[in-house]
Amino acid sequence: MLPSEKRIGIIGGGQLGKMMSEAGSPWIIKYNFLDAKGSPCSLQGGTFIEGSLKSAEDIRKLAEISDVLTYEIEHINTEAIAELEKEGKQILPKPSVLKIINDKGIQNEYFEKHNIPIPVFCNLKEEKDWTEKLELFRGEKIVVKSRKGGYDGKGVEILTKQEIIDGARPFDTENTLLEQFVEDITEISVIVAVDQHGNSGTYPPVAMEFDPVSNLVMFLHTEVDMDRETLKRCREIAEKSALSFKSPGLFAVELFVKDGEVMVNEIAPRPHNSGHHTIEACYTSQFEQLNRILLGMNLGNTELICPGAMINIVGPEDFSGKYQLEIPEELSKEAGFFIHLYGKTESRPHRKLGHITILAKDKTTLFEKADKARKIKVIAK
Ligand code: ADP
């Protein structure tokens, strides 16, 4: 049924909301957004409510003018959406999912309970656990994670056992989990879509490379160097994890793969940076897919049209302020490069300003083109 009569309310008005509404624009979907003044979605059509993602009152204002609510960021007022759900408002993914995901300690316990493979971990309870629990882990390196509030690697420290014995305490004890450091991992993401009728679909796995300083995804591609069996297992484990929530929605499942062993790292219950390539590289983008889910439609086809890669455009280290993109002339003429800008007026070091999707007929050409795309630079205006 299109155009849809349903009004979609998005808590958060950043680039993910922007790309959702871009995906919904051919279908004349009506969007409402809630976020701070000047957020990317304030440039979109639709109603933009200036406010705070933590304010129950502002979320309620958004709910009043929307038929279904979703969120494009996890750090929102979860009590407020749980309350609205109790009153009968449809919120997808369900608020119960956010309760699990917003605490990595609870998330890991949940995975364990549902037989979803994860690295060995331990939630700390008291000061002496810092040293007493070290014996649970192999090797010298330990991953120390803040249970709440982390994102893009903020809230993750890799320390040695000795550093912990010597007193390193990056986070408060009750907010800390220790995790087995898994050496030489390939980091994979699988996006899983679950519709309102209980059907699910998985996107082909992508391999991700992160910037060592900012921890942002710098490069991802669909041509993962792994045997078919392991790739199949990645999709199966991701799907099992997402279905365990018993909630419609879009779920980005981040996986670690080591010697054919697949482990879940974490799940984001929303469109994800690791799915941006799906706009051009897949039959149905992650954003169209979430629109379909929210409108109660069937899922679209998740498969690749052709190999794809993505490079984030991030603010350089050396300046803050107004910026422009410098695009080499050879690139502006060549096919298979798609530049997305998020409408952020100012650059700051490591700020995500946009991304480039690259399409090619095979892996070699894809990687050659990705090298060319890296020549696109953010410069001061
Ligand atoms: P965030 O939620 O902030 O993105 P993650 O839990 O994804 O944090 O961790 C950030 C990065 O730290 C991961 O992408 C991975 O490179 C590394 N990392 C996290 N956990 C482990 C682990 N158990 N073993 C090895 N590396 C890890």
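The values are calculated or read from the model by the stated rules, or taken from the named source; none is laboratory data. From a predicted model like this one, the values you see are computed outputs, not experimental measurements. Backbone-built Cβ (ideal geometry, glycine too); neighbour counts: all protein chains shown. Accessible surface areas use protein heavy atoms only, side chains included; no ligands, DNA or RNA. Shrake-Rupley method; radii C 1.70, N 1.55, O 1.52, S 1.80 Å.
Flag: Leu134 does not match the condition of being touching a residue at least 12 places away in the same chain (Cβ under 8 Å), touching a Lys or Arg at 6+ places or on another chain (Cβ under 8 Å), open to solvent by less than 20 Å² (accessible area, probe 1.4 Å) and within 14 Å of the ligand (Cβ to nearest atom).
Looking across Glu109, Glu79, Glu57, Glu83, one residue alone is within 16 Å of the ligand (Cβ to nearest atom), more than 19 Å from the chain's Cα centre (by Cα), in a helix (DSSP H, G or I) and of a type in the set (D, E, K, R). It is Glu109.
Gly149 - would you say it is open to solvent by less than 70 Å² (accessible area, probe 1.4 Å), farther than 24 Å from Gly260 by Cβ and either of a type in the set (Phe, Trp, Tyr) or within 10 Å of the ligand (Cβ to nearest atom) (or both)? It is true that Gly149 is open to solvent by less than 70 Å² (accessible area, probe 1.4 Å), farther than 24 Å from Gly260 by Cβ and either of a type in the set (Phe, Trp, Tyr) or within 10 Å of the ligand (Cβ to nearest atom) (or both).
Matching residues to (1) under 16 Å from Ala268 (Cα atoms); (2) assigned to a loop (DSSP other than H, G, I, E, B); (3) under 15 Å from the mean Cα position of the chain (by Cα); (4) more than 11 Å from the ligand (Cβ to nearest atom):
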{"residue": "Glu183", "(1), (2), (3), (4)": "no, yes, no, no"}
{"residue": "Ala193", "(1), (2), (3), (4)": "yes, no, yes, yes"}
{"residue": "Ala207", "(1), (2), (3), (4)": "no, no, yes, yes"}
{"residue": "Val213", "(1), (2), (3), (4)": "no, yes, no, yes"}
{"residue": "Phe219", "(1), (2), (3), (4)": "no, no, yes, yes"}
{"residue": "Met226", "(1), (2), (3), (4)": "no, yes, no, yes"}
{"residue": "Thr230", "(1), (2), (3), (4)": "no, no, no, yes"}
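Here Leu98 meets each of (1) within 16 Å of the ligand (Cβ to nearest atom); (2) modelled with pLDDT under 95; (3) surrounded by 18 or more Cβ atoms within 10 Å (Cβ to Cβ) with one exception, condition (2). Going by what's in this entry, would Glu140 be described as touching a residue at least 60 places away in the same chain (Cβ under 8 Å) and touching a Lys or Arg at 6+ places or on another chain (Cβ under 9 Å)? It is false that Glu140 is touching a residue at least 60 places away in the same chain (Cβ under 8 Å) and touching a Lys or Arg at 6+ places or on another chain (Cβ under 9 Å). Could we say that Ile237 is part of a helix (DSSP H, G or I), open to solvent by 10 Å² or more (accessible area, probe 1.4 Å) and of a type in the set (A, V, I, L, M, F, W, C) here? For Ile237, the condition - part of a helix (DSSP H, G or I), open to solvent by 10 Å² or more (accessible area, probe 1.4 Å) and of a type in the set (A, V, I, L, M, F, W, C) - is met. Applying a threshold of 7 Å to beta carbon distances and a minimum spacing of six or more residues, or different chains, the list of pairs starting in region 84-108 at a residue that is within 15 Å of Val264 (Cβ to Cβ) and ending at one that is hydroxyl-bearing (Ser, Thr, Tyr) reads Val97/Ser247; Ile100/Tyr110. When region 13-41 is filtered for residues that are assigned to a loop (DSSP other than H, G, I, E, B), under 19 Å from the mean Cα position of the chain (by Cα) and surrounded by fewer than 24 Cβ atoms within 10 Å (Cβ to Cβ), the ones remaining, listed by number, are Gly14, Ser39.
Annotation note: Cβ proximity below 6 Å between a residue of region 156-178 that is touching a residue at least 12 places away in the same chain (Cβ under 8 Å) and a residue that is in a helix (DSSP H, G or I) and among the hydrophobic types (A, V, I, L, M, F, W, C) (sequence gap 6+ or interchain) occurs for Lys161/Leu134; Ile164/Trp130.
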